[in-house]
Amino acid sequence: MPTITRVGVLGCGLMGSGIAQTAAAAGFPTVVRDVGDALLDTGRAGIRKSLDKLAEKGKLDPATPDAALGRLRFVTDLDALSDCDLIIEAITEDLELKNTLWRELDALCPPATIFASNTSSLSIAEMAAATGRPDRFVGLHFFNPVPLMPLVEVVRTVTTSRDTFDAALDFSRRLGKEPIVARDRSGFIVNLLLVPFLLDAIRALERGVGTTADIDRGMQLGCGHPMGPLTLADFVGLDTTARIADIMFEEYREPRYAPPPLLRRMVVAGFHGRKSGRGFYDYSATPPVPIDLGL
């Protein structure tokens, strides 16, 4: 089984920085690559804040934040990833953009380097086919916020070797995560079940079944969910939810995966959820209040 000692992360956004933080905190020297210094600075600041908060709450040893940051290197040069044993991609859900980077990295990295994508909905096999190492390509789907969420979906394609798959499982456990095995089908396990649930909640609101607050509260109190589906959609990002739904609908052609008209209109209007300050709730208020969507 391949030995993973040095990790590369493509993308320093919310997911990429979370993966990088988790790897560095677990003892892995980690190189984080993004296209601009401003993006890297934002990611670095977010990692520092997250590590400090975890240490303050007693979830990390007080020495861990400085030690983890010492293992992180932030770069804009793709070549800096060439000596990594494992490279995890966490960029926008755009297959061609991902494959462009995979082709470049395939030419830069030695044959033993394992490639992994954090995609939540795109085909791992289609990315693997863009490289000359389909046997060393695997899916590693983390969940937000990565430092706190224990789950990783490990996705083996028809071309992934057993050694690569075992190395991915072992790496996930060394991060302190709980891996589950998923087939290479859009949405894997969690989003295959979660996305239709979120879309159904939006359709229920659209049809006047209940108010935003009542739909969320009903699922919290009636089903024991920690947050309601509309709050969760805001947390995931309504633009992200719509994009994932489009990808899944393209694969399965089932109506339950089609984004509802209300969701599309909210995305066009810039209502992207918590990250934009407005979604199904207005996050400028404390606590957030449901927005009048004119339904």
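Just so it is clear, none of the values below were taken in a lab; they were calculated from the coordinates. A quick note: this is a predicted structure, and the numbers were derived from the prediction, not measured. FYI the Cβ positions are ideal-geometry reconstructions off the backbone, even for glycines, and counts take in every protein chain you see.
Table for the structure above
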read-out: Fraction of beta bridges assigned by DSSP in the stretch 7-183 that are antiparallel (%, nearest 5); value: 15
read-out: Signed unit charges on C-beta, dipole axis of the chain, positive-most listed residue L140, V31, M127; value: L140
read-out: Added length on full extension, which subtracts the Cα-Cα distance from 0.36 nm per residue, T286 to D83; value: 68.4 nm
read-out: In order through the stretch 215-225: 3J(HN,Hα) via Karplus (6.51 cos²θ - 1.76 cosθ + 1.60), integer Hz, x for Gly, Pro; value: 5, 5, 5, x, 6, 5, 7, x, 10, x, 6
read-out: Volume of the Cα convex hull of the stretch 7-183, divided per residue and given in Å³; value: 95
read-out: Unit charges on C-beta of K, R, D, E only; dipole of the stretch 7-183, Debye; value: 520
read-out: Principal axis dimensions, largest first and in whole angstrom, of the stretch 183-285 by Cα; value: 40, 32, 24
read-out: Prolate/oblate/rounded call for the stretch 97-145, Cα gyration tensor, a/c under 1.5 rounded; value: prolate
read-out: Highest-MSF residue in the chain out of I189, I19, I114 [GNM, Cα springs under 10 Å]; value: I189
read-out: Top positive-direction residue, dipole computed over the chain with Cβ charges, set S284, A67, T157; value: S284
read-out: Cα-based Rg of the stretch 1-109 normalised by 2.2 N^0.38 Å, two decimals; value: 1.07
read-out: T76-D163 pseudo-label distance in nm [points 7 Å out on the Cα-to-Cβ vector]; value: 3.8
read-out: Most mobile of H225, H141, H272 in a GNM of the chain (Cα contacts under 10 Å); value: H225
read-out: FRET efficiency, 1/(1 + (r/R0)^6) with R0 30 Å, evaluated for N144 and T211 via beta carbons; value: 0.70
read-out: Whether the stretch 27-67 is rounded, prolate or oblate, judged on the alpha carbon gyration tensor where a/c under 1.5 counts as rounded; value: oblate
read-out: Electrostatic dipole magnitude of the stretch 82-182 [Cβ: Lys, Arg +1; Asp, Glu -1; Cα centre; debye, to 20]; value: 240
read-out: Extension reserve of the A63-E250 stretch, reckoned as 0.36 nm per residue once the Cα distance is removed; value: 62.6 nm
read-out: Phi to ³J(HN,Hα) by Karplus 6.51 cos²θ - 1.76 cosθ + 1.60 over the stretch 93-105, Hz, x for Gly, Pro; value: 6, 9, 4, 5, 5, 4, 5, 4, 5, 5, 5, 5, 5
read-out: Extension gain (nm, one decimal) between A38 and R103, 0.36 nm per residue minus Cα-Cα; value: 20.9 nm
read-out: F235/E96 FRET efficiency (R0 22 Å; Cβ-Cβ; nearest 0.05); value: 0.20
read-out: Residue of T64, T30, T119 that the Gaussian network model of the chain assigns the largest fluctuation, springs spanning Cα pairs under 10 Å; value: T64
read-out: Magnitude of the charge dipole, the chain, Cβ model with Lys/Arg +1 and Asp/Glu -1, debye to 20; value: 520
read-out: Long-range HN-HN contacts of V289 with modeled amide H, under 5 Å; value: D282
read-out: Computed [θ] at 222 nm, helices only, for the chain once each DSSP H run of length n ≥ 4 contributes -39500 (n - 2.57); value: -14000 deg cm²/dmol
read-out: ³J(HN,Hα) computed for each position of the stretch 49-54 - Karplus, 6.51 cos²θ - 1.76 cosθ + 1.60, integer Hz, glycine/proline x; value: 4, 5, 4, 4, 5, 5
read-out: Computed over the stretch 126-223, the ratio Rg/Rh where both radii use C-alpha atoms and Rh is Kirkwood; value: 1.13
read-out: Kirkwood Rh and Cα Rg combined as Rg over Rh, evaluated for the chain; value: 0.98
read-out: Part-to-part distance (alpha-carbon centres) for the stretch 229-282 and the stretch 94-155, which is given in Å; value: 24
read-out: Among beta bridges that DSSP assigns inside the chain, antiparallel share in %, nearest 5; value: 25
read-out: Estimated FRET transfer efficiency when R0 is 25 angstrom, pair L295-R264 (beta carbons, to 0.05); value: 0.95
